[in-house]
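A quick write-up on the structure given underneath.
The values are calculated or read from the model by the stated rules, or taken from the named source; none is laboratory data. Values in this document were obtained by computation on a predicted structure and should not be read as measured data. Ideal geometry is used to build each Cβ from the backbone, glycine not excepted, and the neighbour counts take in all protein chains shown. Surface areas here come from the heavy atoms of the whole protein model, side chains and all, with no ligands, DNA or RNA. Shrake-Rupley method; radii C 1.70, N 1.55, O 1.52, S 1.80 Å.
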Amino acid sequence: MSQWQRFAEMLAEESRELGELGSAALALTDALVVNDAEAIEAAERRVESRRLLHGTAFAQRIALQHKGFGTLTLPQVCAYAPPTLRRQLFAIAHAISVGTIALKMTVSNNKSLIAAGMERLARTVAVLQRAGTEQTGTYRRRGVVPPPDGSVIVSRRA
């Protein structure tokens, strides 16, 4: 097997692992939307294991690339490839760049979902604390009227 074939296989493996990592990140997004703690934990473990596998494939490909081509970038290496492999290497490199962009967007979305969940939790706790410690409201002739924001029932905007 030539070094070019080996490089093409390593690049394809990296692309496959990136795709698996992207799928795991999307599964985490689904779990965050459903808000199921067990599903979130399982999806997070899967993302972490896929991240490690992709990191290993990436490191191996980078090591081989640096060993053979020094500081050349991946597109430069693909352009230098033999004509029979050039199109395949460019296609895999393009798939990796698209997969990387998609993964960045998914991770950004997941971070936003997590941050929104934490904000909602903080607002809910604040409402519960206010409801438990504030006065119940103003005295009226027929009883006490609670303040409108002192309810323990929390709306989505809490």
(message) Using alpha carbons only, how many angstrom separate the centre of the stretch 74-95 from the centre of the stretch 10-36?
(response) 25
(request) Treating only the Cβ atoms of Lys and Arg (+1) and Asp and Glu (-1) as charged, compute the dipole magnitude of the stretch 1-88 about its Cα centre; round to the nearest 20 debye. (result) 680
(message) Just want the answer: with Cβ charges of +1 for Lys and Arg and -1 for Asp and Glu, which residue in Leu52, Thr71, Val34 is farthest toward the dipole's positive end in the stretch 33-104?
(response) Thr71
(message) Could you give each residue of the stretch 29-40 its phi-based ³J(HN,Hα) in whole Hz, using Karplus coefficients 6.51, -1.76, 1.60 with θ = phi - 60°, and x for Gly or Pro?
(response) 4, 4, 5, 5, 5, 6, 6, 9, 4, 5, 5, 5
(message) Tell me the carbon and sulfur percent of the accessible area for the stretch 1-115, rounded to whole percent, probe radius 1.4 Å.
(response) 61
